[in-house]
Amino acid sequence: MVPHSTPPTGGGLYIIWLSDTHYYGGRAKKFLSRWSRHLRWLKNGDHPNQHMQNVYNKFGRFEPIILTAIECPDTRLASEQFWLDRHVGKPGCVNISKYADGKMHGSLHSEETKRGFKRRRVSLETRKKISETLRGRTLSPKHRENISEGNRGKKISEEHRQILIACNKTRGWSEESLRKLSKSLQGHTRSEESRRKQSETIRSNPELLQKARESLTLNRRKLDPEKMAERAREMAEANRGRTRSEAHRRAIGAAHRGRRNSPETLARMSEAAKVRATLTPTQHGQATRELISTQQKGRIWVNDGEKNKRLFPEDAQPLLESGWVRGKLGACGSGLWVHRYVGEALERGRVPKEELSSKLSQGWSRGKGSQG
């Protein structure tokens, strides 16, 4: 056991007797903490030094002794190296590494040691204890920066990637976890550089974009439609009365300008709109109807025989010059209006766009024509 007389602070060199002939030596910043860690590992049967673990299992002895107290870290390191140079490899010494700094210095682990690393697993009970200990802990900005720097540029193998994907597919988020995640992201704004990098990555890898779309589709199928509708109502209520700034509107306009949705995306948007309309029918108020009416005043219908457009006259003029005609295709028929005069009688009708050239060569003219 750890001696009660051991000072709680202070460090230096120590030796641990495991039997009358077996010993382990090292350095410590704090003797008590270091010895307690060694003893805990030995009792749990998972000490990193397997030779030391085997000796403890056989004799059950743990007797630490202070060789010398040293406050300076550099002096402690040099003193331990001096001790290791004279003891590692001698009968009874269970130290494995010959170097005080803990580095390999060009040495390689044996295949047996590597297999031992792979076999070693943290038990579920230990994981639970670690989770309980870390719950509620907040990392300092410096700590987060160090983690980010350590992971920057790190590449994971394809096998590791597939394992992560498989784990995340079966992972379910609890309601509490979703609320915490949502709260942590509130007010979070991504930098322009982050958005640019993501955009470039997606544009340069169509396969990645397709996988993202498939993932979103799968997630939608997993969600309960009623919960989706409830979430939509909550968002609508939260945004009610909210007015975007002029700068925000310009930014949205610039981001969407020139953007073209694929036919698949348009089909999904249409299907989603139908579902929303069924679950939460939209009813425009009097003010909204008047606003829509005001916005549509002055527009005219034009068509090319297949589709209609309602535009302001100045916007419709280029289409009219390119072959479109005024009017709206209705239920009475479809196609382009053509007419001709037989004497003073007016004949007119609609013809498909592909037959227009034939009609014009027979003396017909574009448009409805006029009587008299």
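The values are calculated or read from the model by the stated rules, or taken from the named source; none is laboratory data. What you see is a predicted model, and the numbers here were worked out from it, not measured in a lab. Ideal geometry is used to build each Cβ from the backbone, glycine not excepted, and the neighbour counts take in all protein chains shown.
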Does region 212-225 contain any residue that is modelled with pLDDT of 80 or more and surrounded by 11 or more Cβ atoms within 10 Å (Cβ to Cβ)?
-> no
Restricted to region 276-327 and to residues being among the β-branched types (Val, Ile, Thr) and loosely packed, with under 13 Cβ neighbours inside 10 Å, the residue modelled with the lowest pLDDT is THR280
Can GLU200 be described as assigned to a helix (DSSP H, G or I) and loosely packed, with under 10 Cβ neighbours inside 10 Å?
-> no
Where a residue in region 276-296 is touching a residue at least 24 places away in the same chain (Cβ under 8 Å) and closer than 12 Å to ARG233 by Cα and its partner, wherever it lies, is surrounded by 10 or more Cβ atoms within 10 Å (Cβ to Cβ) and not hydroxyl-bearing (Ser, Thr, Tyr), with Cβ under 7 Å and at least six apart = ARG276/ALA232; LEU279/ALA229; THR280/ALA229; THR280/ALA232; THR280/ARG233
